[in-house]
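Asker: Sharing a structure with you now.
The values are calculated or read from the model by the stated rules, or taken from the named source; none is laboratory data. Since this is a predicted model, take the numbers as computed values, not measurements. Using ideal geometry, Cβ is built from the backbone for each residue, glycine included, and neighbour counts are taken over all protein chains shown. The protein model used for the area step is the full one, side chains on, heavy atoms only, and it has no ligands, DNA or RNA in it. Shrake-Rupley method; radii C 1.70, N 1.55, O 1.52, S 1.80 Å.
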Amino acid sequence: MFLIETERLGLRLLEPSDLEDIMTFWGNGEVMRYCGGPGTSERELRAIGYYAELQQRRGLSVYGVFEKKDKRMIGACGFNPGETEEEAELIYHFAKAYWGKGYATEAARACI
């Protein structure tokens, strides 16, 4: 199920069935305050397709992050492409209930 695992987390490609969970972070104004604001369901569905295509084309993506103990999606972490093929930006966004637990650092290290 997971492409990447850590002690507490599992990361996998995003799927359309994840949309409700995705909206708890990408659709949240406080989480996305400095990242262009909250997204809409339509925009995030397009993002899911984009990241699947990016994974196939370049071998990198933004992945859904799940707590392994209950398989609950808590955020997203991975790479957005840069302006050139050699560039990528590491991003992470987590539902507010999961801030301050070290999940972003753990997921980012796993992606790197």
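Asker: Scan (1) open to solvent by 70 Å² or more (accessible area, probe 1.4 Å); (2) part of a strand (DSSP E or B) for the single condition Ala97 breaks and write down its number.
Answerer: Ala97 satisfies all of (1) open to solvent by 70 Å² or more (accessible area, probe 1.4 Å); (2) part of a strand (DSSP E or B) except (2).
Asker: Within the range 55-71, count every residue that is in contact with a Gly (Cβ under 6 Å, 6 or more places away or on another chain) and free of Cβ contacts under 8 Å to residues at least 60 places away in the same chain.
Answerer: Pass one, the range 55-71, residues in contact with a Gly (Cβ under 6 Å, 6 or more places away or on another chain): 61-63, 65-66, 68.
Restricting the remaining residues to those that are free of Cβ contacts under 8 Å to residues at least 60 places away in the same chain gives 61-62, 65.
Summing the residues that are in contact with a Gly (Cβ under 6 Å, 6 or more places away or on another chain) and free of Cβ contacts under 8 Å to residues at least 60 places away in the same chain in the range 55-71 gives 3.
Asker: Next question. For the range 26-51, how many residues are under 20 Å from Glu5 (Cα atoms) and open to solvent by 40 Å² or more (accessible area, probe 1.4 Å)? Step through it out loud before you land on a result.
Answerer: Here is the first cut: in the range 26-51, the ones under 20 Å from Glu5 (Cα atoms) are 51.
Then drop every residue that is not open to solvent by 40 Å² or more (accessible area, probe 1.4 Å), which leaves none.
Selection size over the range 26-51: 0.
Asker: Can you tell me how many residues within the range 54-93 are in a loop (DSSP other than H, G, I, E, B) and in contact with a Leu (Cβ under 8 Å, 6 or more places away or on another chain)? Even if it seems obvious, please write down each step before you answer.
Answerer: Applying the first criterion (in a loop (DSSP other than H, G, I, E, B)) to the range 54-93 yields 59-61, 68-71, 82-87.
Retained after the next criterion (residues that are in contact with a Leu (Cβ under 8 Å, 6 or more places away or on another chain)): 60-61, 68.
So the count comes out to 3.
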